[in-house]
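The values are calculated or read from the model by the stated rules, or taken from the named source; none is laboratory data. If you're wondering where the values come from, they're calculated on a predicted model, not measured in any experiment. Every residue, glycine as well, gets a Cβ built from its backbone with ideal geometry; the counts of neighbours run over all protein chains shown. Areas reflect the complete protein model, heavy atoms only, side chains present, ligands, DNA and RNA absent. Shrake-Rupley method; radii C 1.70, N 1.55, O 1.52, S 1.80 Å.
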Amino acid sequence: MNLTDTEKRIVKALQGCIPLDTLHPFEPIARECGVTEDELLDALRKWREDGLVRRYGAILNHRAVGWTANAMSIWAVPDCDKAGEVARELASFPEVSHCYERATAPDWPYNLFAMIHGLDRGMCEEIAREVSRRTGVTDYRLLFSTVEFKKESLRYF
Amino acid sequence: MSGIGAQRPQLESLSELDRKLLNLIQDGFPLAHSPYAELARDTGADEKQVFERVRELVRMGVIRRIGGVFDTRQLGFAGTLAALRAPRERIREIADIVTSYSGVSHCYERDDAWNLWFTLAAPSAADIESILEEIRARTGIADALNLPAVRVHKIGVRFGIGEPES
């Protein structure tokens, strides 16, 4: 995707946090980018439609609101269609995010990954058990996070 | 850096307005000249009150950021999920090396032999490989898992903010 310099400036401005000292946060952002507020909001709406912006909103610290369990579920599903079926079941849970099929490696057979968030570990385990039950796929594991070393939004430009 | 178990949920201190706002603005912050006025209409509160609560939620650390989440690939970057097997007594030292790269946005210790997991974004797959090579050299760990996505099924999550258990 080839972005113009102005578009890169807009991405740079939007990849951070809106200014919190004004009732009209898009105004100073637009000024900073050398565009009008309408032009900024139009670009943002279009990018959201096209999927370049996956979401524009509040990113929560989920642990601060009780979602303390964070499991990376890994599934070995060699059949492509079956992997799609497991992914669909996983995706049906609002507590599941970042569901990807990934490359495997010599000592790593797990090709399907999904983050499962829960109020506690039991909740994560229950969701995985349910997906296993529905699909018949039993070769899966949950890798819970124990220490968070870094969690930031990417700075692209 | 934070031990997962050390964080105390602040659920009890959230008002009903806070919960409504958190549920609304995860999905989308209004793209408008007066976003707080729109949120006020949706929650039955007034604009100033909504503005104050949102600021407070950011100050409390309940909201990390209000902004855009971009599709890394559509922006033209390559990405991967990588992992190392770090000796337990060296894990902090190794995590410091890994997290020193700006392309590493997330890095966690997980309970497995492959105990250090991180996401890595860079302009190209070749750049990713060269960063991993540098990490291998700096840490002295020869083996790393490099697991790029081949298919995306779902990305977003929604954390429902409900009533605290009584």
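Quick notes on this structure:
- Efficiency of FRET from Cβ geometry, residue B:27 and residue A:88, R₀ 30 Å, rounded to 0.05: 0.90
- Average beta carbon contacts from partner chains per residue of A:40-47, 10 Å cutoff: 2
- Subset of A:151/B:154; A:151/B:48; A:12/A:46; A:8/A:151 violating a 25 Å alpha-carbon distance limit: A:151/B:48
- Summarising the amide proton neighbourhood of residue A:16: residues at separation of 5 or more, or on other chains, whose placed amide H is nearer than 5 Å comprise B:68.
- As a ratio to 2.2 N^0.38 Å, the alpha-carbon radius of gyration for chain B is 1.31.
- Toward the positive end of the charge dipole of the protein assembly as shown, with +1 on the Cβ of Lys and Arg and -1 on the Cβ of Asp and Glu, the farthest Cα among B:115, A:116, B:152 is that of B:115.
- All other residues whose Cβ lies under 11 angstrom from that of residue A:74 are scored, Lys and Arg at +1 and Asp and Glu at -1, for a net of +1.
- Per residue, the Cα convex hull of the protein assembly as shown amounts to 144 Å³.
- Interface size, chains B and A: roughly 8000 Å² of accessible area buried, both sides included, 1.4 Å probe, rounded to the nearest 100.
- Accessible surface of chain A [probe 1.4 Å, protein heavy atoms]: carbon and sulfur percent: 46
- Average accessible area per residue (Å²) across chain B - probe 1.4 Å, nucleic acids and ligands excluded: 46
- Under the criterion of Cα pairs below 8 Å and six or more residues apart, the relative contact order for chain A equals 27 percent.
- Inter-centroid distance (Cα atoms) of segment A:1-25 relative to segment B:55-88, Å: 17
- Residue-averaged 222 nm ellipticity for chain A, from DSSP H runs of 4+ at -39500 (n - 2.57), nearest 500: -11500 deg cm²/dmol
- Chain lengthening between residue A:121 and residue A:6 when straightened (0.36 nm per residue, less Cα-Cα): 36.9 nm
- Estimated FRET transfer efficiency when R0 is 25 angstrom, pair residue A:138-residue A:54 (beta carbons, to 0.05): 0.20
- Between residue A:130 and residue B:146, the simple label model (points 7 Å from Cα in the Cβ direction) yields a spacing of 3.8 nm.
- Accessible surface of residue B:91 - all protein chains present, 1.4 Å probe, nearest 10 Å²: 10
- Close amide H pairs (under 5 Å, H built 1.01 Å from N) link residue B:116 with B:84, B:86, B:110, residues at least 5 positions away or on another chain.
- Percent carbon-and-sulfur accessible area, segment B:1-119, ignoring ligands, DNA and RNA, probe 1.4 Å: 48
- Gaussian network model of chain B, springs between alpha carbon atoms under 10 Å - residue of B:76, B:156, B:140 with greatest fluctuation: B:156
- Here the Karplus curve 6.51 cos²θ - 1.76 cosθ + 1.60, taken at θ = phi - 60°, turns the phi angles of segment A:121-138 into couplings of 4, x, 4, 4, 5, 5, 4, 5, 4, 5, 5, 5, 5, 5, 9, x, 8, 10 Hz, with x standing for Gly and Pro.
- Cα-based helix-to-principal-axis angle, A:37-50 vs chain A, degrees rounded to 10: 20
- Theoretical FRET efficiency, 1/(1+(r/R0)^6), r = Cβ-Cβ of residue B:17 and residue A:151, R0 35 Å, to 0.05: 0.80
- Of A:77, A:20, B:68, farthest towards positive along the dipole that unit charges on Lys, Arg, Asp, Glu beta carbons give the protein assembly as shown: A:77
- Each Lys and Arg Cβ is given +1 and each Asp and Glu Cβ -1; about its Cα centre, the protein assembly as shown then shows a dipole of about 340 debye.
- Accessible solvent surface per residue of segment A:35-157, calculated while the other protein chains remain in place, 1.4 angstrom probe, Å²: 43
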